[in-house]
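Engineer: Got a structure for you, written out below as structure tokens; questions coming shortly.
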Amino acid sequence: MTIKNVVLREINLPLRQPFVTSHGIIPHRRSLIIELIDNDGHIGWGECAALETPGYLPETFDSSLLVLQKWLVPVIRDRHFSHPGEVSSFFDKSIRGWNFAKAALEMAVWDLFAKKQGSSLADLLGGVQKKVAAGIVLGLQDNLRLLIEKAEEAVAAGYQRLKIKIAPGNDFAILHALRKEFGEKIDLAADANSAYTLADTKNLQRFDEFKLSMIEQPLAWDDHADHAVLQKNIQTPICLDESILSLADCQTMHAMQSGRIVNLKPGRVGGLAPSLKIHEFCQKRRIPLWCGGMLESGIGRAFNIALASLSGFTLPGDLSPSTRYFKRDIVVPEWKMDAQGFVVVPFKKPGIGVDVDRDYLKRVTVDEWNF
Ligand code: MG
């Protein structure tokens, strides 16, 4: 396939309710949607998962856009690829970093190729799970009662895991209240987004009593050494998120024992080909894997769901249905979750398994660039 045209669209997708994390409040999702068209007129969609602010990783919406416009789109246009697995290594030869921007284009090539082959993306990736388990992420709330209410709603809706955003001062009492409310049956996890340091070890050791399935990224976003020390001193398995940008980072984690679980986000590691390598590495070493989310629209979500259908994804992913975050999604049908907390993987439909609602996409588009 030869990519002839690339369209980048900046969208503002209204959120159902603002998302609060330790880095701030997100009222709507400003996202970048990629449309690729090849020499035969086949279309592939992608989404850049970078956030608006550099509070998660250094790469942001605006920096991804710049890199796409200046470096990535010019080198992919008119280039022939025989398989989407070639795109990531092609980018990496001459451009370092900028994983979210690379992944946005790479994943769009996977969608295009799958459609060209008449295959679902999940099939093309080697997915085997017909449905994938969904967990929910609950942001910091104004008060504990409100958090408990939201958790109750989530459990009633069928979510298979509750993941709570925590930060120093907003941690022990919250986890204690949730365990008291729901008992040991519920899969409870905490995500700290690097809000702690090794000086908090004693505090983090107190969480062991809650038997969390994991604590995600408690320490610095680019660290392995301190995480390795912490993991030796706590029973709760550490799951790394921000610290895993590549297969090499997974190898480091494994060698240093800086974590026992990997949250894999295809955008963060540069796309699906790098994700497949990480999947293989983790599966061989029995490192549990799950697919994280970046508040993606239904397009980005489709890639996460296809990836999560691989056999090594053994833990529930942050794979909420569209209505969890958005007033209306830009895909048809919208992503749905059943009462048992599963999202069905669309194995029958070629490509990402959903259609883009072009009318609504147009309405939420605030800027557009054609190449
Ligand atoms: Mg996280």
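Engineer: When the range 338-357 is examined, which residues are found to be touching a residue at least 60 places away in the same chain (Cβ under 8 Å), of a type outside the set (Gly, Ala, Ser), crowded, with 20+ Cβ neighbours inside 10 Å and in a loop (DSSP other than H, G, I, E, B)?
Structural biologist: 345, 346, 352
Engineer: Is one or more of the residues making up the range 137-147 part of a loop (DSSP other than H, G, I, E, B), within 16 Å of the ligand (Cβ to nearest atom) and crowded, with 22+ Cβ neighbours inside 10 Å?
Structural biologist: No, because not a single residue in the range 137-147 is part of a loop (DSSP other than H, G, I, E, B), within 16 Å of the ligand (Cβ to nearest atom) and crowded, with 22+ Cβ neighbours inside 10 Å.
Engineer: Tell me which residues, restricted to the range 176-193, are within 16 Å of the ligand (Cβ to nearest atom) and without any contact (Cβ under 8 Å) to a residue 60 or more places away in the chain.
Structural biologist: Within the range 176-193, 188, 189, 190, 191 meet the criteria.
Engineer: Next up: Restricting attention to the range 245-256, which residues are under 16 Å from residue 285 (Cα atoms) and hydrophobic (A, V, I, L, M, F, W, C)?
Structural biologist: 247, 248, 250, 253, 255, 256
Engineer: Further question: Given the criteria over 12 Å from the mean Cα position of the chain (by Cα) and either part of a helix (DSSP H, G or I) or free of Cβ contacts under 8 Å to residues at least 12 places away in the same chain (or both), does residue 276 qualify?
Structural biologist: So residue 276 fits the description; yes.
Engineer: Determine which member of the set 327, 362 is surrounded by fewer than 15 Cβ atoms within 10 Å (Cβ to Cβ) and at pLDDT below 95.
Structural biologist: It is 327.
Engineer: Considering only residues that are within 18 Å of residue 278 (Cβ to Cβ) and of a type in the set (Phe, Trp, Tyr), which ones fall in the range 58-97?
Structural biologist: Result: 91, single match.
Engineer: Just name the residue that is nearest to residue 169 (Cα to Cα) out of those in the range 21-73 that are of a type in the set (A, V, I, L, M, F, W, C) and surrounded by fewer than 17 Cβ atoms within 10 Å (Cβ to Cβ).
Structural biologist: Only one residue tops the list, namely 25.
Engineer: Any idea how many residues of the range 258-274 are within 16 Å of the ligand (Cβ to nearest atom) and either among the hydroxyl-bearing types (Ser, Thr, Tyr) or surrounded by 24 or more Cβ atoms within 10 Å (Cβ to Cβ) (or both)?
Structural biologist: 10
Engineer: I've got another one for you. Check the range 240-249 and report whether any residue there is outside any loop (DSSP other than H, G, I, E, B), closer than 25 Å to residue 105 by Cβ and in contact with a Pro (Cβ under 7 Å, 6 or more places away or on another chain).
Structural biologist: So in the range 240-249, the residues outside any loop (DSSP other than H, G, I, E, B) come out as 240, 247-249.
This time we only want the ones that are closer than 25 Å to residue 105 by Cβ, so: 247-249.
Next, only the ones that are in contact with a Pro (Cβ under 7 Å, 6 or more places away or on another chain) stay: 247.
Within the range 240-249 (the criterion being outside any loop (DSSP other than H, G, I, E, B), closer than 25 Å to residue 105 by Cβ and in contact with a Pro (Cβ under 7 Å, 6 or more places away or on another chain)), the answer is yes, since at least one residue qualifies.
Engineer: While we're here: Do we find that residue 158 is in contact (Cβ under 8 Å) with a residue 24 or more places away in the chain, surrounded by fewer than 23 Cβ atoms within 10 Å (Cβ to Cβ) and within 18 Å of residue 17 (Cα to Cα) in this structure?
Structural biologist: no
Engineer: Could you go through the range 96-103 and let me know if any residue there is touching a Pro at 6+ places or on another chain (Cβ under 6 Å) and at positive phi. Spell out the reasoning first.
Structural biologist: From the range 96-103, those touching a Pro at 6+ places or on another chain (Cβ under 6 Å) are 103; that's our starting set.
From what's left, at positive phi: none.
Within the range 96-103, not a single residue is touching a Pro at 6+ places or on another chain (Cβ under 6 Å) and at positive phi.
Engineer: Here's something else I'd like to know. If a residue has to be closer than 15 Å to residue 221 by Cα and either away from the ligand (no atom under 15 Å from the Cβ) or of a type in the set (A, V, I, L, M) (or both) to count, how many in the range 239-257 make the cut?
Structural biologist: Looking only at that region, the number is 7.
Engineer: Go through the range 294-304 and count every residue that is touching a Leu at 6+ places or on another chain (Cβ under 6 Å) and farther than 19 Å from residue 59 by Cβ.
Structural biologist: The total comes to 0.
Engineer: Moving to a separate point now. I'd like to verify a number: residues in the range 196-228 that are within 13 Å of the ligand (Cβ to nearest atom) and either modelled with pLDDT under 95 or not in a loop (DSSP other than H, G, I, E, B) (or both), how many?
Structural biologist: Count: 3.
Engineer: Confirm whether residue 185 is of a type outside the set (A, V, I, L, M), within 30 Å of residue 338 (Cα to Cα) and either in a strand (DSSP E or B) or in contact with a strand residue (DSSP E or B) (Cβ under 6 Å, 6 or more places away or on another chain) (or both).
Structural biologist: Spelling it out, it is not the case that residue 185 is of a type outside the set (A, V, I, L, M), within 30 Å of residue 338 (Cα to Cα) and either in a strand (DSSP E or B) or in contact with a strand residue (DSSP E or B) (Cβ under 6 Å, 6 or more places away or on another chain) (or both).
Engineer: Here's something else I'd like to know. Taking the condition of being touching a Pro at 6+ places or on another chain (Cβ under 9 Å) and over 23 Å from residue 317 (Cβ atoms), how many residues in the range 161-196 meet it?
Structural biologist: Going through the range 161-196 one residue at a time, the tally reaches 1.
The values are calculated or read from the model by the stated rules, or taken from the named source; none is laboratory data. All of these numbers come straight from a predicted model, not from anything done at the bench. Please note: Cβ atoms are built from the backbone with ideal geometry, for glycine as well, and neighbour counts cover all protein chains shown.
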